[in-house]
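Since the structure comes first, as structure tokens, the remarks are kept for the end.
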Amino acid sequence: MSATIAAGQASLADWRAIYRGAGFRLDPSCRERIAASAAAVARILARGEPVYGLNTGFGKLASVRIDAGDLAKLQRNIVLSHAAGVGEPTPQKIVRLMMALKLASLAQGASGVSLETFALLAAMLERSVLPVVPAQGSVGASGDLAPLAHMTAVMIGVGEAYVNGERLPAPQALAAAGLAPIALGPKEGLALLNGTQFSTAHALAALFEAEILFRSALTTGALSTDAARGSDAPFDPRIHALRRHRGQIEVAAALRALMEGSAIRASHLVGDERVQDPYCLRCQPQVMGAALDVLRQAAATLEDEANGVSDNPLVFAEDDAALSGGNFHAEPVAFAADMMALAVCEIGSLAERRIAMLVDPALSGLPAFLTPKPGLNSGFMIPQVAAAALVSENKSRAYPASVDSIPTSANQEDHVSMAAHGARRLQAMIDNAFAIVGIELMVAAQGCDFHAPLASSGRLEALRAATRARIAHLDDDRLLQPDIETATAFIRSGGAIDAVGGALPSICEARR
């Protein structure tokens, strides 16, 4: 599958498809804008005036004028000097998304690159020549310099790239795909390095995974509610209409739909001595609804960022202007990443509280640790401990990255966003939360087993059946780690979402 998108008008669904492996093609009409921008750079240089990045040094060295004969070397040098990343290679699917984002930015005709340079980057993406990009080294302003320098280095025949999974020196990698290195012209090295595409790619990838996490946690939360013989009265639409928050209203509606027709729920509508459920059940609409609203705000920010131009200086061909600004500053991405971190942390935290409630007979009314023979068996005692450990890890990771700033470039770049770190840390948090929700799935299914012959709703019984097709009911203690891996993989794949067959709010919905 391949998508043709107009630069600056891609939807989150477009970016999600590219992240998942779809082909990428920009509307050919962008070629005219790219050519006009490159021609404007030539005219600007012909005037002989100093223009940042075209005929000057970079950062603190912006006041150093560069001779005309050294302009090509200037662009090569910025790539070589800035390719100073450290750490493990960035996952290839993130690099692929980063390259697509960079192409979409360049295609808007404000960066001054040539059609030849644009075409090489597009061909690399099309033929899966994916640069080896060390994951660490960006502070999120002036753009993601080091990561994007490693991407650009391959274009000039330096560094390494993966081709069909094989890691090769850049010249061989290009040759294997029928491509050859190029020499960068004025402004091109800076245009390729300046931008937020590394941070944005990581944040988008996290958003797409967080959407699966969020929706899955609604299904396990509903199953846990039935396992605990909890009430669906707190999901009554009248309650949430008075609060007015869109996310809360939609989460409550989803939980009602998931539990509709449950015989377990019907069995305790009358005569239940409990007046109110614990917050982890009763306040699901308020907590998960707030997470939904926050994730949607992050999605809106990232959609704008993905469709924007974060280069500097920006070239305006209509009047041959090259204007220096600060679009490379990734503060919007840093804020979006921090918001997602808070939401992911809370999704996992609430799920862990439901796990803890279900294994506690004083709260759930179920056998201790959900085993028929407590004492001889420990049941789900330690999976709850593991979930608690993962929640604690996520709490420490959720500290905002955006509030940190270390001045760089001899204090010329004196406030930075730390967006790259903020976005990179999300995947580890989401991995932890997937495991927590996977454990909840096991625990909730086990809890519902004790209510037989009463059944849950049709949707939740479909989820329980899908779980039991993969993980057996726990009678006597057995090695649980493989079961946790299976449950986590099922959640991560979207299996729980598919099992319930709809009724779940989305995050990456169309905004326009």
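Every residue, every condition in (1) assigned by TED's automatic domain parsing to the domain that holds Thr488; (2) crowded, with 22+ Cβ neighbours inside 10 Å; (3) not in a helix (DSSP H, G or I), yes or no:
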site	(1), (2), (3)
Gly221	yes, yes, no
Ser231	yes, no, yes
Glu250	yes, no, no
His268	yes, no, yes
Ala298	yes, yes, no
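Could you please let me know if Ala170 is more than 30 Å from Val500 (Cα to Cα), surrounded by fewer than 24 Cβ atoms within 10 Å (Cβ to Cβ), without any contact (Cβ under 8 Å) to a residue 12 or more places away in the chain and among the hydrophobic types (A, V, I, L, M, F, W, C)? Taking the combined requirement at face value, the residue does not satisfy it. Annotation note: Cβ proximity below 8 Å between a residue of the stretch 405-424 that is in the same structural domain as Val86 (by TED's automatic domain parsing) and part of a strand (DSSP E or B) and a residue that is buried (at least 17 other Cβ atoms within 10 Å of the Cβ) and not acidic (Asp, Glu) (sequence gap 6+ or interchain) occurs for no pair.
So that you can scan it fast, the table gives a plain yes or no per residue for (1) over 26 Å from the mean Cα position of the chain (by Cα); (2) surrounded by fewer than 17 Cβ atoms within 10 Å (Cβ to Cβ):
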| residue | (1), (2) |
| --- | --- |
| Ser456 | yes, no |
| Arg464 | yes, no |
| Asp476 | yes, yes |
| Ser493 | no, yes |
| Ile497 | no, no |
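Restricting attention to the stretch 65-123, the residues that are under 23 Å from the mean Cα position of the chain (by Cα) and outside any helix (DSSP H, G or I) total 7. If you filter the stretch 335-371 down to residues that are of a type outside the set (S, T, N, Q) and modelled with pLDDT under 95, you find that the one that is surrounded by the most Cβ atoms within 10 Å (Cβ to Cβ) is Leu363. Of the listed requirements (1) at positive phi; (2) modelled with pLDDT of 95 or more; (3) among the small types (Gly, Ala, Ser); (4) out of contact with any helix residue (DSSP H, G or I) (no Cβ under 6 Å at 6 or more places or on another chain), Ser392 misses just one: (1).
Determine which member of the set Glu211, Glu166, Glu160 is acidic (Asp, Glu), at pLDDT 95 or above and in contact with a strand residue (DSSP E or B) (Cβ under 7 Å, 6 or more places away or on another chain).
When all the criteria are applied, what remains is Glu160.
The values are calculated or read from the model by the stated rules, or taken from the named source; none is laboratory data. Since the model is a prediction, treat every value here as computed from it, not as a measurement. Here Cβ is always computed from backbone atoms with ideal geometry, including for glycine, and neighbour counts include all displayed protein chains.
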